[in-house]
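Every number in this text was worked out from the coordinates using simple rules, so none of it is lab data. Everything numeric here is computed off the predicted structure, so don't read it as measured data. Don't worry about glycine lacking a Cβ; one is built from the backbone with ideal geometry, like all the others, and counts go over all protein chains shown.
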Amino acid sequence: MKVSVNRLWFGYNRAMKSHAEWCSLAFAFVAACSADPGTTCGTGSASPTIDVVAASTTLTYGELRSSVANDCSDTTSGIISLTIQSTQVGGAGVFALCIVRPDKLASGQALGTDVRVVDAGGSADGCTFVRDPAMQPIGTARSTGECDNGSAAAGFALALDGSVVLDRNCAGTMDTVTATLSGTVAVTPLQ
C-alpha cells in the first residue's frame with residue numbers, strides 16, 4: 001500500500017498536542033539532515049593570539065581574520081583558497097597565511113606548501129623582522145571546528161606547529177633567525 005508523504009505529515013500534524021512538540025520534531029528533522037551532525041563549528045577555547053618567537057623576541061598577532069580570496073587556489077581542485085591575515089599586537093607587523101585547500105585543513109597540512117606563510121614580520125625589542133622569502137617554512141597546520149571550508153560565521157581554531165625563517169635588523173646589524181610558530185589560535189571570517 002502506497003501512502004503519500006503529505007498524508008503522513010497531515011496525520012502526524014493533526015495528532016500533535018502542542019506547538020512545542022511540533023518544534024521538537026522540526027529541530028530533530030533538520031539535525032538529521034545535516035551533512036555532518038557530529039561537527040561543531042567554531043573556535044572553541046582557542047587563544048585570541050598567536051606568537052612567533054624569534055630567539056628571545058616574541059611577536060604576537062591577534063584577531064586573525066579569514067576570507068575566501070582565491071589568492072593561492074589549486075586550480076585543478078575547484079576549491080577556493082582561504083587567506084588568513086592578522087596584525088601585530090602593539091605594532092605594525094603583519095602575519096598572513098594562504099591555505100591552498102581549506103577542505104583538507106582538518107586532517108593537517110604542510111606549512112610552506114599546503115599552507116603558505118605569506119608574511120610574518122614586525123618590530124620588537126629594537127629590531128625589525130621580515131619573513132625570508134628564500135627559506136621555506138616547515139611544520140604543520142590543522143583546524144578544528146572548521147565548517148564550509150573555513151568560511152562559516154562561527155570561525156574555527158587553527159593549530160600551528162612549525163617554524164619560519166626571519167631576517168632580523170637591529171640598528172643596522174642584520175642576521176637571520178629561525179622563529180617558532182606554535183599554538184592554537186581563533187580564526188574568524190572577515191565581515
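Roughly what would the spin-label model give for Ser182 and Glu63, points 7 Å off Cα along C-beta, in nm?
2.8 nm
Hey, with R₀ at 25 Å, roughly what FRET efficiency would Thr173 and Met135 work out to, going by the Cβ-Cβ distance, to 0.05?
0.80
Of the peptides 125-134, 96-105, how do they stack up when ordered by the mean number of other Cβ atoms within 10 Å, highest first? Before the final figure, lay out each step's value.
Working: 125-134: 15.6, 96-105: 21.5.
Taking the mean over residues of other Cβ atoms within 10 Å, the ranking is 96-105, 125-134.
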